[in-house]
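One structure is given below, encoded as structure tokens.
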Amino acid sequence: MMTTDKKKKRLFFMIGLESDWEQMIKKSTNINPEEIVFLHTEGPGVLHPFDDLMRDIIVTVYQQNIEEIVVVSTKDAQTDKEDTLSKIFDRKEFQDKRTTVDYLLTNCQPELPNQNIKDWLNGSTSSDDSTETIVNTIRHHPLLSSDVVVSELSIDSENEHIIEELSIF
């Protein structure tokens, strides 16, 4: 019977929903695709150390014997986010509910002090700040072993190439 200590070490990529990123990463690495695990998220999403996404990351690290987590970011993510926010804010039914949701976010969520719905949906205004926050949240989480490496990978999705090379390539 094989123990978890003898399983192959794997690499865990946290990437956006763009399917071509996964193929680009697989082609750019010298790693067997069977040793790579992908978690697709709608943009950077670890805002709290004990949210559902963080739980998924922790469980995946232990189940899949992950030795490195790579948070993938893109330089043009903010433009996509603004287009999505416009679609939400332009809806009549949202306008009717906005005051109530803003009140709840401002007064009833201690982990989101002084935020309104636009700030909450928008997240960080800078892709770099947001990715750095996510990397630090994961890296310093008390339930992850200190030997799990957490790093960032930047992709220029417009030109379809990796901007910053990692030591794993």
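For the reader, a short list of remarks on this structure follows.
- Only helices (runs of 4 or more DSSP H) whose full extent lies in the stretch 54-169 are considered here, and the ones with at least 1 residues that are modelled with pLDDT of 80 or more, farther than 30 Å from ILE31 by Cα and acidic (Asp, Glu) are 92-107.
- Pairs where the first residue, in the stretch 121-138, is over 15 Å from THR41 (Cβ atoms) and the second is of a type outside the set (Ser, Thr, Tyr) and at pLDDT below 75, C-beta under 8 Å, 6+ apart: ASN122/LYS81; THR125/GLN78; SER126/GLN78
- Some residue of the stretch 34-44 being part of a helix (DSSP H, G or I), at pLDDT 85 or above and not basic (Lys, Arg): yes
The values are calculated or read from the model by the stated rules, or taken from the named source; none is laboratory data. Computed from a prediction, not measured in an experiment: that's the story for all the values here. All Cβ positions, glycine included, derive from the backbone under ideal geometry; neighbour counts span all protein chains shown.
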